[in-house]
Structure formats: structure tokens, C-alpha cells
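A short write-up of the structure that comes next.
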There are 4 protein chains.
Amino acid sequence: MKKLKVGVIGVGRLGYEHTCNIANRVPGMELVAICDGNVSRAQQVADELNVEKIYADPAAMCADPEVEAVAIFTNTASHVDMIRIAMEAGKHVFCEKPLAENVEKCLAAEEIIKAHPNQVFMLGFMRRFDKSYRIAKKKIENGDIGKVVLVRCYSQDPRSTFDSYLPFAPTSGGQFIDMSIHDIDLIRWLTGSEPKKIWAIGGCFEFPQFKEWDDGDNVSCLMQCENDVMAFMFANRTAAHGSAVETEIVGTHGTLRIGATPSSSLVEVLSENGVCDECYQDFVSRWHDAYITEMEVFRDYVAAGKVAEPTVYDGTKATRIAYACKESFLKNELLTLD
Amino acid sequence: MKKLKVGVIGVGRLGYEHTCNIANRVPGMELVAICDGNVSRAQQVADELNVEKIYADPAAMCADPEVEAVAIFTNTASHVDMIRIAMEAGKHVFCEKPLAENVEKCLAAEEIIKAHPNQVFMLGFMRRFDKSYRIAKKKIENGDIGKVVLVRCYSQDPRSTFDSYLPFAPTSGGQFIDMSIHDIDLIRWLTGSEPKKIWAIGGCFEFPQFKEWDDGDNVSCLMQCENDVMAFMFANRTAAHGSAVETEIVGTHGTLRIGATPSSSLVEVLSENGVCDECYQDFVSRWHDAYITEMEVFRDYVAAGKVAEPTVYDGTKATRIAYACKESFLKNELLTLD
Amino acid sequence: MKKLKVGVIGVGRLGYEHTCNIANRVPGMELVAICDGNVSRAQQVADELNVEKIYADPAAMCADPEVEAVAIFTNTASHVDMIRIAMEAGKHVFCEKPLAENVEKCLAAEEIIKAHPNQVFMLGFMRRFDKSYRIAKKKIENGDIGKVVLVRCYSQDPRSTFDSYLPFAPTSGGQFIDMSIHDIDLIRWLTGSEPKKIWAIGGCFEFPQFKEWDDGDNVSCLMQCENDVMAFMFANRTAAHGSAVETEIVGTHGTLRIGATPSSSLVEVLSENGVCDECYQDFVSRWHDAYITEMEVFRDYVAAGKVAEPTVYDGTKATRIAYACKESFLKNELLTLD
Amino acid sequence: MKKLKVGVIGVGRLGYEHTCNIANRVPGMELVAICDGNVSRAQQVADELNVEKIYADPAAMCADPEVEAVAIFTNTASHVDMIRIAMEAGKHVFCEKPLAENVEKCLAAEEIIKAHPNQVFMLGFMRRFDKSYRIAKKKIENGDIGKVVLVRCYSQDPRSTFDSYLPFAPTSGGQFIDMSIHDIDLIRWLTGSEPKKIWAIGGCFEFPQFKEWDDGDNVSCLMQCENDVMAFMFANRTAAHGSAVETEIVGTHGTLRIGATPSSSLVEVLSENGVCDECYQDFVSRWHDAYITEMEVFRDYVAAGKVAEPTVYDGTKATRIAYACKESFLKNELLTLD
């Protein structure tokens, strides 16, 4: 089995996690190059992972003929530029979500990718590759719960990591664009339908500064899909119990719940607090295996030369809907999507 | 301790349950009279419960000086008439929910009750008296979860009893008025706030006949309250796992879930299906203790001569909101409440 | 329906609970007399429950022709005397567990009861009447778990009530006779078999004073039954999470667990401790409904004139086994039962 | 970071799993050689994992100077021979459990390993490296549950894999030596104490053929440790719900349960069976991450030149106790260990 030779761009927090996976935990992948504007950081990671080539300039790395695939873990604003550089250099591309920070850039990405039909492009909505979500998807497809009626999605980051989030809050795009976009992708994926009407609400229940960022510290949205399926999303960054990504799919003949108790292990603690399940305290731990699986899936798409999912269009659609949520929230109006 | 002497009107399914409670399970109450248009049914229950007096005519029973309090378990359409008869006869009144089938009648009930300020009136939103809901309410008041942000309410009757429900469906008023009205009351009670905007949606996912009744077989509603608290309701009659009344209260510092797993006992079954909790299969079992507690509370209000809660106004408000949900659902529009 | 007229002896803590049940929560029973050596206590309870007759002397109450059945809630040492007085006065008898504090007295009770075959005698092993245990028993009888292989029984009282227990500890007979006797009865009832070999161990892990009482603060016992079914018991009084009576029945085709998470309500608390179920904190709350059901069952046995279960022989056998456990524990030897 | 170059012996079912881990999932390890008596199997795995060197003869592989460490995954009977060959060739050694099929061979292994004090030897009791067990161990060491009082260990393989187990049953050594040996190691590790007295029982409840193998289809054992800590073990191969390795540690101030519900994902299924957690159906899935972690730990021991745990002595002690369990079971006697 030939290994897919990968160069990565961006080895910040999540990029580092992905890079370690590519180097050590994804069979059939070989990490051959690391690119980061911060060269000393690139060097440090390269040393740790026994990688010889480091780059400061993405274009230089993409010009390296040894690199077959490029994985993009830079800040959102640069995603489409990186996609262009890598695609035009003939590489397969994996890009961390979100595709871009606005719809226009998403459409630009679509054009680039359409122009290179023989290269694989895959977008990193990793929840689709989580074991639990895959089991749920299979049960739905298998008809185990009948017809899907309601999808309920909570995305709550733990209060324990709130302080480390705050510096990024003003530029994150807000709860809908930064958090709920995962849920928007899940809703589209699990229901096979598109939202047609949405109403988003929320407020600043604890942190008035969210108002300055045109955001709420707790927000929610009700969606009506084209096939009348209902979807409800809720997001915040202050869950006391942990990294609480919870999804429920109610069908006419059964219901699936994912992560309602996001236990971080099989330990139960019996104490004066009762019988307790301790929960994941950070998203990187929660999705550790999903991050590996999505790389394996990317590797397989490349090997098979097949169109990868999630596609660039999934990225555009999710972004479009997230912006509509934000607009509905800011206007407090019911919006009809095209 | 003097016992409160109670006469009941209506000994159908739920009326019978209440009547047995009054006779046998509520200390400090004595069942002295049974009234039912179906006299042979009244006789049968009276024989079983050792009650001497039976009546076919509510006015006749209310004229009986031995009867101190009247408990009304007739069909909804007759509630306000029964309230009038009992109140004008000088009795304390307990009335099963809902107060009436429309807002006009609710307002009429308000007038009657206002005219008899020395008699106790109490409306039977029994969920407020369920042990689990009382614990939750106490924890909220105690500040355990910080400020309330979101209340999520599911009211699902089990599929196992769907067939017995169907004959009542066309005249029930529909999911919002018959099922969600409980959740509307819970939302008002738990948040101390009133909804100001609502959007209700739904569809006929399995049973097209609901459309003929201006209803959906699965419906939901998002509400924005005056203090920006968010509330989401969902209702159907086809929950595979059981009588699934679930309420979640998300606060800024913690979350409470009630009935997420509505276990009917402390037994876990380990089988090829996994580790399973079997659930309540009918609402009478689920709320058995709450029905007793609400009668004890009514008894105590009478003894103390205090204004009882839930009040007649709680009945009017919940009815008004339920009709607004239905209107929003039928128009598929966002509604602003006065 | 004629009501069974009951006189009670002993209105201490648990006696008071039972007496309230008989007065107010058991249809078809009427509390007509209260006997307690502490007359002012008897008077107080009689006033509260609207009972006219009070007695200081059990024989006097048993001579009252209005009293049809006598319920004994006195201290264990007096049980057999009370049974004799009531039986010889021609009354039906309900007696709280344990039957007696030694096997000799149990055998004496057997003789008394055998001499009055037309009067009902029932022993209060209330766990048999708990909803969860009845469900489990039914599933076993129904063959749902195949053949029973292992019964595991934990009886843990909560640490929160440890201080109130301590004064009774020296005279309680110890963990096996006071706590595990319930589990011994459950094992016999659930397996339909008798232990043939036992080995009991334990120690003083926190409270050296238990040693003075020939006891351990934590003890356990493995039993081999006649049909080779295995049984394991564990007891203490210091469970951090609550009143933790847990029973597991492993069968060849499935397993049942009762009370592994002894949730006191349907509330889940999501906090920095994780997702927590709060548990019962006292045995009276845990078994509240079982105490009522066992009285209803006693009432029905009397009405039917049938031999009641648990029988006096169940009391003798459980006592004999409990003493064998204690003997094995004290000698640290394997014992063979006759 | 220099990679540790590993050669493996034995690529059967579990050996293959380990070999894939070494090749692809353990950072800092490099798989350089594969040895298997079945050369075509060795070749097949080598091709799949891009390994150049294959061997049929363990001695030949151990003579390869490129190989720094040898991982032994052969059948139990050959373990000590393999340890000798690898140790005498100067390699570090990882050996899958159990150390050997009898105590004499264990003692021989001790001698070999003592003779090569500068080489690392580590025994594969992988449960010690499972995330949940590590969390539990840490909480115990941290004093979270006070003093340990009771350890309860269940090792149940799922009924779903029973047929694939049966061919190995006659030569497996039986439940105590093949299954409970893991629990024996856990008890020693979690309590820091050694059993001093044991009594083991069991029977053939469904499969009479176990009797021919001097075994029971369901067996259990109660142990008294030197510090009076109690331990209870139970084993079978027919758990309806899955791969049910469950461990409970009761302390004086709290209790930990591991794997009481061995959920294979974060999905809950709400169906007519209730609210269900589906469980692991095979031990390789259950311990997948633990197998990786133990290799990482072995790598770190080698890098640090430290004595590894579990040691060869842990292997001998667990084997000695397992044989004592079997002896007690066969004689139905209480045994005192030296």
C-alpha cells in the first residue's frame, strides 16, 4: 500500500492535532512537509514529528513535487487563498471547516474546485466522521426510526474553557457562524433536506459584551425544512458539565440521541453528588477519533479518485444558512431562504 | 384534623383516578358524593368506594350542604358551566385542566371566580406538583443553575396508546391546545416570564388525517419570552419508548433535565438490545403521585383560605398562548403576542 | 367493599409511617386503634389521624372485638410476644421484619401460627412488594433472562444518616442480621433455592467500634445455593451517594439490575460534577410505595383467607442464614448449612 | 525523536491488532520485522503494512541487529521460550498476557528477566492502560473514595461471540485462568494488596461440556486480601448485552464503577425496548485504545531505561492466584494462600 504524502499548512492548536494524526495515527498517510508563517513553530513540530521539510510560504510547499495532498489548518480568512494555491499546484486538498468567512468567498472556492475536477477536495465537518454520528446515520438510513421528524442540535462549549475562548470571540463571527455551522451541516446531512424558513433568537444572559459583537451569549434557531422536517439548534460557550454537543433525531418510530450525556470515559462516580458521569472538557478530546477517521476517509477518496464529501457545496450552503440565522437573530424576524 | 368533604363531577377515565385518590389516598379529604350524567357509572364507582350519595345533576350535588368542595373532571366544554354552578353554590372548586376550550370561556370563568373571593379555586396543571418538577423548581429558585436561558419541553404520548387516542383526536383541539398547554404552563411557571413572540411549525409525517383537523402529527414551537428567555416545545402522540414528557432547563451555570429517560421503575434490563430502561407507557401512571399531591395542595389551600395556584388566570393565559401557537402553525407566520 | 379494621402496636419511626399508610393510603383498611407503651405518643398520633381508641397494653387492644387485624411495629425483641397475644386473641397479624432476634424465638412463632390456621400471618419483607422487584420477579418467571446464575445484593445505608444509626448499632445484631437479612430473603425469593455453603468476611475500615460489637463496618458474603446458583451480598452504612439497595440477577440469557442508580426522581443535574442522578437519602422514602403495597397485599390475603407470603417460615429461614453469616464472619471459615 | 524499532512474533487475531498499532498508531515506534510460523500470513501482513523483513524463526528475527524490541503475541505455551530467545539476544521485550500457562514457567521467566537487568520487560495486562481504569486508579490514589473496601470484577464475553470462542475453550485453562486473571491483576493493582484466602464456586448452568474441562460456564470467587479488603470476581462468556468487563471499587467515602454500562458509542436508542445503550460486542473494540496506550507506555519505559510495569512478578502472582481459584472451585473448599 502506497502512502499518501501530505504537507500541512498551519500548525496552531487544531492544526497541530491534525498534523500529529497525519504523522502518527493515520495508516497510509505520510507527513512530508510542514508550512507555517511562524517558522520556528513549524521547525519545532517538524523536529517532534521527524519531518524534514519546513516552509514559511504555502506556495513554496505546494510547488514541492513530493507533496501529493495539502491539508489546510490556517485561519478561516485565508482558507480560500490556500485552496487556490494548492489546487492550482495540482494537489489534493483537505480544508478545515468553515470553508470561508462569507458566502462570496465560498462561491469563489466552488469555482476553483470545479476547475480541477481530477483533484480531490474535502471539507472538514468532522462530526460526520464521529463513530456515534455514523452509527446514527446508519440507523436512520436503515429505517430504524421511521421517517425523520425533528432534529435537535445543541453545541455547547464548556465553561471550563470559556476564558481561553474569549479573545477569539470578537472575530469568530459569532455563535451561528462559528458553532452552529456544525449543526447546520448535521441537519442537512441527517435529513437530506434544506431549511426553507428560519427564526433565530437569543440574548446576553450573562456577558453583555456579546451584544457589541452582534451576538448573544446564548442563541437558538428553529428551522423548517423543505420536507417539513423541523430542526432546532441551540448554542453557547458556558456549559457547566462539559463539551456538550448533543444531537437528537426524532423519527416516527423511534428516536436517537447522541451525546446527551457526553461521558468522557466508562467511569461512574458515586458520591454525595449522586451517580455522576464526568464529561469531555474540550472539543479536541471529544472529537479525537473523528479527526483521525476524517483523514482516513480523505485518504480513501484520494486513493479511489472519487468526489469527496463533505463537498465545497456543503461548505457554501452551511455558510449561507449560518448567515441567515445571524440575520434573523439581528432583525428578530422570520426569514425565508431561497 | 377535620376532613374536607368533597363531591366529584365526572368519573370517566381520569375522573375515576382522581376520585379514587380523593377516597383513598389523600389524607384529610373525604369523598361524600359522586355526580355523573351516566348514573349507573356513578353508582358503580360509589359502590366500589363506599360512597352513599350519587347524583346525575351537578346542580343538585352542589346544593348538598354536606359537600364543601367540588372537583370537576367533566369534558372540557362543560368546565366553565360546572365552575359557575359550584361557585354560585358556595363551594370551593378544583377543576381539571384545561380551563376551557376557548379564551372567551376562560374570561367568563375569571369573572365567576372573581365574584366569589372567599372560595378557593384551583386549576389542575398537575405537572407543577410532580416531585421531579418541584425539585427542579426549587433548584432554579435556589440559584443552582444561574439565570434561566432556555426551557425545552417535549410532550410525547406513547405509540402504544395511540389507537385509544385517535377517536378523541378530531375534537381534542389539537396538539398545541391538548398537549402543549401543559408545557406552556411549565414555561410560564419555571421562567416567571410570558412569551412575546412565537413561531409554530409541524407536519403530517405519518398520519394525513391530522391535516383535516388543522393539526400536525408532529408539531413544534419556538417562543421568545419578555425577558429574552427562549422556549422550545415539541409534541406528538407516537413516542416509541413511552410517555415521554421531558423538560430541560438550561441556565447560565447548569442545566436540569426532567424525564429525559422516563424510567417506570429502578430496573435496568441488560439484553441483546443493550442496557435498557423501560419507560412509562401511560400518562396516568406517570403522574399518579402528582395527581395525589395536587389534591393535597388543594386541601391545604382550602384549609388556609389562601388563593390557590395555578389560578384561573394561569388557565386563561395558557389557553391564549396555545391558540396563538395554533394560529402561527396554520399561517406559518411569526406572531407577536400582546 | 368492607374495610379491614386494624389496630397497630408501636408508633415509633417506621411504625408511624405504617400507621399513616393504614389510616390514609391503603384503600379497604381502617385504622381503629393505636397501642404504644408511650401513651402520650399514642395519643398524639391518634389525634393526628382521627383515631378514637388508644391503648398502652397490647393485650387490651387485642381484646377489643372491633379490631380484626393487628399490625406489629414494636422492637424486634417483643415481636414474638406480640404475635402470641394477637394470635391468641383471634386476630390476623402483620409483623414487621425481622421475625425475631434469634432462631429459637422464630421457632416459637412458628408454633403459635401453626396453632391458628384460620388466621392470616404475614411478615414484612417489604422489598418483595416494591414495584421494581416485582417487575424483576415477573421477568425471571417469564424466562426473560434464562436460568438464574448469580444474584448480587448490596444493602448500603447512606452516610448522610450514619449518625442517627450509630446509637442503635450495638444492639442491632450487626450488618448480617439487621441489613443483609433483607438480601437473604430476596435471594431465596428470586432463586427459589436455599444456600448450602457460605463464607462471610469483612472488616473495620473506618470505624473500629464495630469490632467491639462483633461486626464489621463493611461486610460481604458469598453463598452457594442448592442448585449451584451463586449469591453475593455486601453491606455497610456509609454509602456516599444514598440509600443504595442494589440487586442484580444474572441469567444465562440476560441480566436485570435493580437500583444500581437509586434515583430519587426523574431529574438529572448537569453541573461541573458531570451529569448526575441524585439518589434516595433514606430508606423510608425509598420503600414508601412498597410499604403501602405490602399492606394492600395483607388486606387481600385476609379477604381471601389465604396463607400469606412471606410466611413465618421465611422469617425463620432468613434468620438462620443471617446467623450463619455472622458465625462464618466471626470464625472466618466456610460453613455448610443443614 | 528516535523511533523504537520493533519486531513482532505472532500475527494471529490479537497479534495482528497489536502489529497494526505498532505500524500505524503508536508514535515513536517503527515496525521493522514480522515473524510468524505461518510465513504466508507473515508476508500478507508485511505487505499490508509496508514491512520489508519477515521471518519464520523467532531466533533469526531476534538475531537481526536492527530489531531493538520484540513484542510477543504467540500462543501462551510458547511465551517463556520466546522471552528467553529475545532476552538472550539483547532485546527489550513486550509479552502479551498471560505470562505462561503454569507457575513453574512463570518462575523460569522471572530468572531469565532477572539475568538481563538492562533490558526492559513488560507484560500486557492492558486493562491497566485503559483510560477509564487509569482515571479510576488516579481517583483512588487521590483519596477521592477514601479507603478501598471492596473490589467487584465481572469479566463477561458476549454471547454474540460465544461460538467463535468454543473451539478454544478446552485448552484455554478455563474461566479463572483465561478470563479472571485480568481481574486478579486489577484487584492487586487497585488495592495494592494480595489475596490471602479465597473461595471459588460455579456451575454448568447451560453448557454441560464445561464440566469435562474442569470448568463452569459461570464461575465466581470471593477473596479476602491481606489488608482485609474484599474482592469478588465473576466470569462467563454469555453476556447478552455485550463485552461486559465491569469493575466497581467501593471505598469508605465513595464508589467508582467502570464499564457498568459498556456503551460502545454516545448514541442512545429510544425504542419500544425503552432507552437503550448499545454495548461493545468484542473485546478488541473495547480495548482498542488501551492496546495502543500500553505500547506507548512500553516505548516510554524503553526510552527511560526504567523497570516496566506490569512486571514479570505481576504475571507470576496473577497466575498463582488464578490456579488457586481453580483449585478452590474444583474442591469446593476455602483455600489459604501463602
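The values are calculated or read from the model by the stated rules, or taken from the named source; none is laboratory data. Values in this document were obtained by computation on a predicted structure and should not be read as measured data. FYI the Cβ positions are ideal-geometry reconstructions off the backbone, even for glycines, and counts take in every protein chain you see. Surface accessibility is based on the protein's heavy atoms, side chains included, excluding ligands, DNA and RNA. Shrake-Rupley method; radii C 1.70, N 1.55, O 1.52, S 1.80 Å.
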In segment D:138-165, what count of residues is obtained for those that are among the basic types (Lys, Arg), open to solvent by 40 Å² or more (accessible area, probe 1.4 Å) and either closer than 24 Å to D:MET223 by Cβ or free of Cβ contacts under 8 Å to residues at least 24 places away in the same chain (or both)? 2
So B:GLU272 fits all but one of (1) open to solvent by 40 Å² or more (accessible area, probe 1.4 Å); (2) farther than 22 Å from D:SER265 by Cα; what number is the exception? (2)
Is at least one residue of segment D:103-113 assigned to a helix (DSSP H, G or I), open to solvent by 30 Å² or more (accessible area, probe 1.4 Å) and closer than 18 Å to D:GLY192 by Cα? no
Selection over segment D:141-175 where residues are in a helix (DSSP H, G or I) and within 14 Å of chain C (Cβ to nearest Cβ) yields a count of 4
For A:GLY242: the one exception among (1) at the interface with chain B (Cβ under 9 Å from one of its Cβ atoms); (2) in contact with a Cys (Cβ under 8 Å, 6 or more places away or on another chain); (3) more than 24 Å from A:TYR313 (Cα to Cα): (1)
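Residue-wise test of (1) more than 19 Å from A:ARG128 (Cβ to Cβ); (2) open to solvent by less than 10 Å² (accessible area, probe 1.4 Å).
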| site | (1), (2) |
| --- | --- |
| A:ASP214 | yes, no |
| A:MET223 | no, yes |
| A:GLU248 | no, yes |
| A:THR252 | yes, yes |
| A:SER263 | yes, no |
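The rows are residues; the columns are (1) touching a helix residue (DSSP H, G or I) at 6+ places or on another chain (Cβ under 7 Å); (2) not β-branched (Val, Ile, Thr).
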position: C:THR171; (1), (2): no, no
position: C:ASP178; (1), (2): no, yes
position: C:ILE187; (1), (2): no, no
position: C:SER193; (1), (2): no, yes
position: C:ILE198; (1), (2): yes, no
position: C:MET233; (1), (2): yes, yes
Only residues that are touching a Gly at 6+ places or on another chain (Cβ under 9 Å) and on the phi > 0 side of the Ramachandran plot: list them for segment B:255-279, please. B:GLY274
Look through segment B:57-74, keep the residues that are in contact with a helix residue (DSSP H, G or I) (Cβ under 9 Å, 6 or more places away or on another chain) and not in a helix (DSSP H, G or I), and return whichever of them is most open to solvent (accessible area, probe 1.4 Å). B:GLU68
Restricting segment A:183-206 to residues that are part of a helix (DSSP H, G or I), more than 14 Å from chain B (Cβ to nearest Cβ) and open to solvent by 20 Å² or more (accessible area, probe 1.4 Å), the residue that is farthest from B:SER328 (Cα to Cα): A:TRP189
From the set of residues in segment B:29-44 that are surrounded by 17 or more Cβ atoms within 10 Å (Cβ to Cβ) and either basic (Lys, Arg) or within 12 Å of chain C (Cβ to nearest Cβ) (or both), which is nearest to C:ILE292 (Cα to Cα)? B:MET29
Looking only at segment B:312-326, decide whether some residue is surrounded by fewer than 24 Cβ atoms within 10 Å (Cβ to Cβ), touching a strand residue (DSSP E or B) at 6+ places or on another chain (Cβ under 9 Å) and within 14 Å of chain C (Cβ to nearest Cβ). no
Given the criterion open to solvent by 10 Å² or more (accessible area, probe 1.4 Å), farther than 30 Å from D:ASN273 by Cβ and under 23 Å from the mean Cα position of the chain (by Cα), identify the matching residue among C:ALA235, C:ALA240. C:ALA240
Do we find a residue being touching a Gly at 6+ places or on another chain (Cβ under 7 Å), open to solvent by less than 30 Å² (accessible area, probe 1.4 Å) and either on the phi < 0 side of the Ramachandran plot or not charged (D, E, K, R) (or both) anywhere in segment C:283-293? no
Which numbered condition trips up C:LYS137, out of (1) under 23 Å from C:ALA77 (Cα atoms); (2) at pLDDT 95 or above? (1)
Selection within segment D:19-52 - part of a loop (DSSP other than H, G, I, E, B) and in contact with a Cys (Cβ under 9 Å, 6 or more places away or on another chain): D:PRO27
Tally time: how many residues in segment C:1-18 are open to solvent by 70 Å² or more (accessible area, probe 1.4 Å) and outside any loop (DSSP other than H, G, I, E, B)? 1
Since B:SER172 meets every condition but one in (1) of a type in the set (Ser, Thr, Tyr); (2) surrounded by 17 or more Cβ atoms within 10 Å (Cβ to Cβ); (3) touching a strand residue (DSSP E or B) at 6+ places or on another chain (Cβ under 7 Å), which condition does it not meet? (3)
How many residues of segment D:1-21 are under 14 Å from D:MET295 (Cβ atoms), within 14 Å of chain A (Cβ to nearest Cβ) and among the hydrophobic types (A, V, I, L, M, F, W, C)? The answer is 2
Given (1) over 30 Å from C:ASN273 (Cα atoms); (2) touching a strand residue (DSSP E or B) at 6+ places or on another chain (Cβ under 7 Å); (3) open to solvent by 40 Å² or more (accessible area, probe 1.4 Å), index of the condition A:LYS131 fails: (1)
Could you check segment A:75-96 and list, in sequence order, the residues that are open to solvent by 10 Å² or more (accessible area, probe 1.4 Å) and part of a strand (DSSP E or B)? A:HIS92, A:GLU96
Scan of segment A:320-338 for residues that are of a type in the set (A, V, I, L, M, F, W, C), assigned to a helix (DSSP H, G or I) and closer than 15 Å to A:MET233 by Cβ, ordered by number: A:ILE321, A:ALA322, A:ALA324, A:CYS325, A:PHE329
